[in-house]
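Since the structure comes first, as structure tokens, the remarks are kept for the end.
The values are calculated or read from the model by the stated rules, or taken from the named source; none is laboratory data. Keep in mind that what you see is a predicted model, and the values were worked out from it rather than measured. Neighbour counts are summed over all protein chains in view; Cβ atoms, including those assigned to glycine, are modelled from backbone coordinates with ideal geometry.
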Amino acid sequence: MNRPAPLILSSVDPQLTALIRELPRPTSGRVIVGIAGSPGSGKTTLARSLVRAIGPGAAYLPMDGFHLADIELERRGLLDRKGAPETFDAFGYARLIETLRARPNHTVFAPDFERGLEQPLAAARSIEPSDDIIVAEGNYLMLSGKAWSAVRRQLDTAWHVVTDAALRRHRLIARHEAFGKAPDAAREWVRIVDEPNARLIESREGAADRILDLRHWMPPVDVE
């Protein structure tokens, strides 16, 4: 079966929320939607906007909360590659999504990433038993390999976000500068770290159920 043509968005189109509401419900009644894309593509803003558009009963679950802390990255010699797939606890993220699929009758707390600290922050988000739509968002939701494949298997549907490459790089440089990097260092980090990651993510576009084209996205997109 051919994949649908890319869905071109200029805002959170009602078609998106309709696609989610029409998904077959598992036994628990809870649906997990995955939104992936390259750094700076706008996936975080889209995911948050989508949760707001759905309203009560929707919750946001960022992959970035599963960044390894700097102290662990130093131990592993990975601090200069922070943001690459191996700098995340992918198995931990998969286990959390598996727990959420089971829909326990208690609040489930999840980590987030604090940009001001540049560190993960434990129990920064909560998913309530009444939440029946979870929007999971992150760079690597569709990567191959044992850990990331475990994440993909937990998703009822997975969407891949694309946008203009030059705009995406501009956002990344702005993000790095906003959080303390000098302009030259920000550009070098994008070249050495972010762009190889982006190429890897784009190579997995075929694992998505739907492509979302944000090149015409009108609202200002956060630097994520």
- Query: Arg169 passes all but one of (1) outside any loop (DSSP other than H, G, I, E, B); (2) closer than 16 Å to Ser10 by Cα; which number fails?
  - Reply: (2)
- Message: Just checking, does segment 209-220 include any residue being in a loop (DSSP other than H, G, I, E, B) and of a type in the set (Val, Ile, Thr)?
- Response: no
- When every residue in segment 16-42 that is surrounded by 21 or more Cβ atoms within 10 Å (Cβ to Cβ) and out of contact with any strand residue (DSSP E or B) (no Cβ under 7 Å at 6 or more places or on another chain) is compared, the one farthest from Arg168 (Cα to Cα) is Leu16
- Query: Quick one: His176 ticks every box in (1) out of contact with any His (no Cβ under 9 Å at 6 or more places or on another chain); (2) touching a residue at least 24 places away in the same chain (Cβ under 8 Å); (3) buried (at least 20 other Cβ atoms within 10 Å of the Cβ) bar one, so which box is it?
  - Reply: (2)
- Task: Give the number of residues within segment 92-109 that are surrounded by 15 or more Cβ atoms within 10 Å (Cβ to Cβ) and among the aromatic types (Phe, Trp, Tyr).
- Result: 1
- Are any of the residues in segment 25-36 touching a residue at least 12 places away in the same chain (Cβ under 8 Å), under 17 Å from Glu128 (Cα atoms) and polar (S, T, N, Q)? yes
- Item | Matching entry among Asp112, Asp80, Asp89 (being touching a Gly at 6+ places or on another chain (Cβ under 7 Å) and either at pLDDT 95 or above or exposed (fewer than 14 other Cβ atoms within 10 Å of the Cβ) (or both)) | Asp112
- What is the number of the single condition among (1) surrounded by 18 or more Cβ atoms within 10 Å (Cβ to Cβ); (2) free of Cβ contacts under 8 Å to residues at least 24 places away in the same chain; (3) over 18 Å from Ala84 (Cβ atoms); (4) hydrophobic (A, V, I, L, M, F, W, C) that Trp189 does not meet? (3)
- Item | Residues satisfying the stated conditions in segment 122-156, i.e. part of a strand (DSSP E or B) and buried (at least 17 other Cβ atoms within 10 Å of the Cβ) | Ile127, Ile133, Ile134, Val135, Ala136, Glu137, Gly138
- Task: Any chance you could count how many residues in segment 210-221 are modelled with pLDDT under 85 and surrounded by 14 or more Cβ atoms within 10 Å (Cβ to Cβ)?
- Result: 2
- Message: Which condition from (1) outside any loop (DSSP other than H, G, I, E, B); (2) over 19 Å from Leu214 (Cα atoms); (3) charged (D, E, K, R) is the one that Glu195 breaks?
- Response: (2)
